[in-house]
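Here the structure comes first, spelled out in structure tokens, and everything after it is commentary.
The values are calculated or read from the model by the stated rules, or taken from the named source; none is laboratory data. Bear in mind the structure is a predicted one, so any value in this text is a computation, not a measurement. Backbone-built Cβ (ideal geometry, glycine too); neighbour counts: all protein chains shown.
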Amino acid sequence: MGRWEPDSRGRLVQAALDLYGERGFENTTVAEIAARAGLTERTFFRYFTDKREVLFWGAGTLQDLLVRAVAQAPDSAAPIDAVTAALEAACALLQERRESAQKRQSVIAASAELRERELIKLASLSAAMAEVLRQRGVSGPAASLAAEAGIAVFRIAVERWTNEVDPQDLSGIVRESLDELKAVTAGT
């Protein structure tokens, strides 16, 4: 190994995304990821428990952000508006990471195992937001519906954002998607 370079986690993530894109998730090893990043396997395992975690390691940070935004929404906010505030906070976090998000989405779309893991992550995000809504006094079913609808909107918006050739602002896509949901539920 040569001289120490900063951002080992970021280098590992970039190396993994590049290799997953070139060879596929299933055909990429931890050793190859570490070598591409100029690091050791031991360093890889300091940051990630396995090669899937490279794609999901930020889920805790995202959940904390969503939960905090729902909790900090004005008391007068309707449940869906509190969820919308959380989604907009998440958009601000992701907006500058479009290229990485595109690669991540592509890798996940190509693997049934990773699609399942992504759905589990999204369900956890929804459950966490629903719990905060219940703590705010929203009834159980309404809290779950608002959180689930918000996560569905977010998933679809991120998919649109990562697939568009000339993308608009992620927050704008989330707002458009929420408007489409409202139109669908209103029967227009």
Inset, instruction - Mind telling me which of the residues Arg98, Arg117, Arg134 ends up being among the basic types (Lys, Arg) and more than 23 Å from Val67 (Cβ to Cβ)? - result: Arg98
Inset, instruction - Could you list, in sequence order, all residues of segment 120-130 that are closer than 17 Å to Ala69 by Cβ and without any contact (Cβ under 8 Å) to a residue 60 or more places away in the chain? - result: Leu122, Ser126, Ala127, Ala130
Legend entry - Candidate set: segment 23-69, residues that are polar (S, T, N, Q) and not in a helix (DSSP H, G or I); chosen: the one surrounded by the most Cβ atoms within 10 Å (Cβ to Cβ): Thr28
Legend entry - Candidates Arg97, Arg115, Arg136, Arg104 - the one that is basic (Lys, Arg), surrounded by fewer than 17 Cβ atoms within 10 Å (Cβ to Cβ) and in contact (Cβ under 8 Å) with a residue 12 or more places away in the chain: Arg136
Inset, instruction - Identify all residues within segment 1-13 that are touching a residue at least 24 places away in the same chain (Cβ under 8 Å) and outside any loop (DSSP other than H, G, I, E, B); write none if there are none. - result: Ser8, Arg9, Arg11, Leu12, Val13
Legend entry - Filtered residues of segment 120-141 (kept if touching a Lys or Arg at 6+ places or on another chain (Cβ under 9 Å) and either at pLDDT 95 or above or acidic (Asp, Glu) (or both)): Leu122, Val132
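Checking the condition in contact (Cβ under 8 Å) with a residue 24 or more places away in the chain, outside the structural domain of Val132 (by TED's automatic domain parsing) and more than 14 Å from Gln14 (Cβ to Cβ), which residue from Thr84, Thr49, Thr40, Thr29 passes?
Result of the check over Thr84, Thr49, Thr40, Thr29: Thr40.
Specify the residue that is surrounded by the most Cβ atoms within 10 Å (Cβ to Cβ); the eligible residues are those in segment 1-22 that are hydrophobic (A, V, I, L, M, F, W, C) and closer than 22 Å to Leu119 by Cα.
Per the stated criteria, the residue is Ala16.
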